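Asks: Quick one: the structure is below, questions incoming.
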Amino acid sequence: MNKYILKTALLTVFIAMGFASCSDDHFDIRPGSASEESTLWQNIITNNNTNDFAAILSRTKFMRSETDRSGSITYAELLDQPQTFSVWAPIDGSYNAQEYNDILDQRDALMNSGEADDVKKAWQLNYQVANQFALNHIARFNYESNMDQQKVRMLNSKVYYYNAGKNEFNGVGINPELARLNSSNGTLHVLEGISPFAYNIYDYLGSSP
């Protein structure tokens, strides 16, 4: 009887240890790791593949239009709010992130001069990065992951196509290992490259010397 009780007790301990191990492996969310409970911004900055994207968004002032000068928050802060967005973030090393940081450095220098013309130019440079980069990778609302092709209106009003069947957005492949990360305020996808900006005549005239 004692041997039976001992075996039963040991078996119970091993089973308990097994459940604890499964819990640690599959259900625990480590601090700083991506999770569905985190915001899009939190998942972007904990993703080691989108550091450049995060750096640019954290520097770029949110503008509702080309003439908006409030600049009360950045695009990083926007993605930390309880609104629903879809983000297609380009993976690090697939584009020239320094180009956008150089523009933002120029913006800061002009803004700090305090001259009216310089400040106006600074806001134009901020809008250039916002319109052609930040807003070109962010859309409102979630989009279906089981549809072959659907139109997506970005925050800069450009319309691109998201093909979940081909795992492709605006002609750029979506990283299959990071294809869809649900967040508390939307969905994050990681692109294999930058989403091409669709210039119209007005865009081209505004960005070309």
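Asks: Checking the cross-link filter: which aspartates and glutamates have an alpha carbon closer than 20 Å to that of residue 120, excluding same-chain neighbours under 8 positions apart?
Replies: 66, 68, 102, 105, 108, 203
Asks: Let me ask you something else. So for the pair residue 102, residue 167, with labels modelled 7 Å out along Cα→Cβ, what separation do we get in nm?
Replies: About 3.4 nm, to one decimal.
Asks: May I ask for the distance between the Cα centers of region 116-192 and region 70-90, given as a whole number of Å?
Replies: The two parts, judged by their Cα centres, are 11 Å apart.
Asks: Report the label-to-label distance for residue 68 and residue 150 in nanometres (one decimal), using points 7 Å from each Cα along the Cα→Cβ vector.
Replies: Computed distance between label sites residue 68 and residue 150 equals 2.4 nm.
Asks: Using a 1.4 angstrom probe and counting only protein chains, how large is the accessible area of residue 99 in Å², to 10?
Replies: 90
Asks: Moving to a separate point now. Suppose accessible area is computed on protein heavy atoms with a 1.4 Å probe; arrange 118, 80 from highest to lowest.
Replies: Working: 118 50, 80 70 Å².
Sorted descending by solvent-accessible area, the residues read 80, 118.
Asks: Now, a different point. Which order do peptides 187-198, 145-156 fall in by mean Cβ count within 10 Å, highest first? Before the final figure, lay out the partial values.
Replies: Values: 187-198: 19.1, 145-156: 13.6.
The densest-packed peptide leads the list: 187-198, 145-156.
Asks: Given a 1.4 Å probe and every protein chain left where it sits, what share in percent of the accessible area of region 58-209 is carbon and sulfur? It would help to have the intermediate numbers written out before the result.
Replies: Working: 3700 of 7870 Å².
Carbon and sulfur together cover 47 percent of it.
The values are calculated or read from the model by the stated rules, or taken from the named source; none is laboratory data. Small disclaimer: the values here were computed from a predicted structure and weren't measured. In this analysis, Cβ positions are derived from the backbone assuming ideal geometry, glycine residues included, and neighbour counts consider all displayed protein chains. For the accessible areas, the whole protein counts, side chains as well, though only heavy atoms, and no ligand, DNA or RNA atoms are used. Shrake-Rupley method; radii C 1.70, N 1.55, O 1.52, S 1.80 Å.
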